[in-house]
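Read-outs: derived from the displayed coordinates by stated rules, not from any lab. None of the values given here were measured: they were computed from a predicted structure. No Cβ is skipped: glycine too gets one built from the backbone with ideal geometry, and neighbour counts run over all protein chains shown.
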Ligand code: F6R
């Protein structure tokens, strides 16, 4: 049942190329139009949407953070991301023109469900991104995009996360198509890039031994930090959450630009810091990340850098370098999250923890 793996989690990490491919299947018409069959909101209503609010918890919230970058960039619609547990208690501004997107792997998370109910009383349209057919959240939503990860058994979300990212990209591209903010050929170009992702994820998995070797040297670590920028920031948060959940270790993710505003005081000799290095591009993200890395190294941190193939500029600043395939910045979370999942799984295993059933956690959280 675990396909020769020791844990469901490890099996599910390895299923990600397939899960991502399945979640992309059948989304394009022969004429090259994006189609999302399960979105039962008319194109007319979608054209009127003037704000998107994403609500979710935990790992699903981090997928929502990536979605915000994609939606604002491709669709030019303002987008907020909010923890479902905070949403209805702050009296959010919701109208008929607000699209609320609820992201939930299980479809049963009570915080998210209550947030949806609140949004619907305000007449906003609710679209669910969900992995579980017939669960409560899609049943109570106006529309749903199902991810096709297959059942996720390990308590820590892995293939659930990657397929949520795919659904978020699809939604963003679909909104761009309906709103006309992007041309068909641009949308098709991104779809081609998405369809290449299963192969890239497999490449990362083929290099898993490097990550396992690294995990060995961090048994006994007391704290691990994660730095990212742009779409790499939610990846940093996700890497930290995986370590907390599985290795019961103090771990924190930061936006690299925020370091100097406080967290850099945490850095001491030999503190391990994972750095999600953005692809080199016209946007200066890469240069900015390198200067952040220089700052922490100057204070004794040991940097473990996730950087794209061919990025030689990072080499002097990485104590350990884990290579990622070359992909666009917005899509990088699909490959960058994987070594962090492998690291947390392996470190927890070496520490003797139950990876599939971490202490104090349940797979679906059905109480608020
Ligand atoms: C982390 C994890 C949790 C869930 C969160 C939301 O590995 O699994 O943080 O992501 O409880 O769950 P869903 O997506 O089922 O609503």
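Considering each residue of region 79-87 in turn, none proves to be under 21 Å from the mean Cα position of the chain (by Cα), in contact (Cβ under 8 Å) with a residue 12 or more places away in the chain, farther than 20 Å from residue 234 by Cβ and outside any loop (DSSP other than H, G, I, E, B).
In the condition set (1) touching a residue at least 60 places away in the same chain (Cβ under 8 Å); (2) surrounded by fewer than 19 Cβ atoms within 10 Å (Cβ to Cβ); (3) touching a strand residue (DSSP E or B) at 6+ places or on another chain (Cβ under 6 Å), residue 357 is compliant with all but (3).
Inside region 326-337, residues that are surrounded by 19 or more Cβ atoms within 10 Å (Cβ to Cβ), more than 14 Å from the ligand (Cβ to nearest atom) and within 22 Å of residue 206 (Cα to Cα) make up a count of 8.
Of the numbered criteria (1) surrounded by fewer than 24 Cβ atoms within 10 Å (Cβ to Cβ); (2) away from the ligand (no atom under 12 Å from the Cβ); (3) farther than 12 Å from residue 23 by Cα, the one residue 127 fails is (1). Considering only region 143-162, I want to know if a residue exists there that is in a helix (DSSP H, G or I), in contact (Cβ under 8 Å) with a residue 60 or more places away in the chain and near the ligand (Cβ under 8 Å from one of its atoms). Within region 143-162 (the criterion being in a helix (DSSP H, G or I), in contact (Cβ under 8 Å) with a residue 60 or more places away in the chain and near the ligand (Cβ under 8 Å from one of its atoms)), the answer is yes, since at least one residue qualifies. Here region 37-62 is the region considered, the condition is being assigned to a helix (DSSP H, G or I) and more than 12 Å from the ligand (Cβ to nearest atom), and the residue that is surrounded by the most Cβ atoms within 10 Å (Cβ to Cβ) is 46. Counted as qualifying within region 218-324 are the strands (runs of 3 or more DSSP E) with 1 or more residues that are buried (at least 19 other Cβ atoms within 10 Å of the Cβ) and within 16 Å of the ligand (Cβ to nearest atom), namely 223-228, 250-255.
Checking the stated criteria, residue 344 turns out to be under 22 Å from residue 157 (Cα atoms) and either more than 15 Å from the chain's Cα centre (by Cα) or surrounded by fewer than 16 Cβ atoms within 10 Å (Cβ to Cβ) (or both).
For residue 177, the conditions (1) touching a helix residue (DSSP H, G or I) at 6+ places or on another chain (Cβ under 7 Å); (2) crowded, with 21+ Cβ neighbours inside 10 Å; (3) farther than 25 Å from residue 327 by Cα all hold with the exception of (3).
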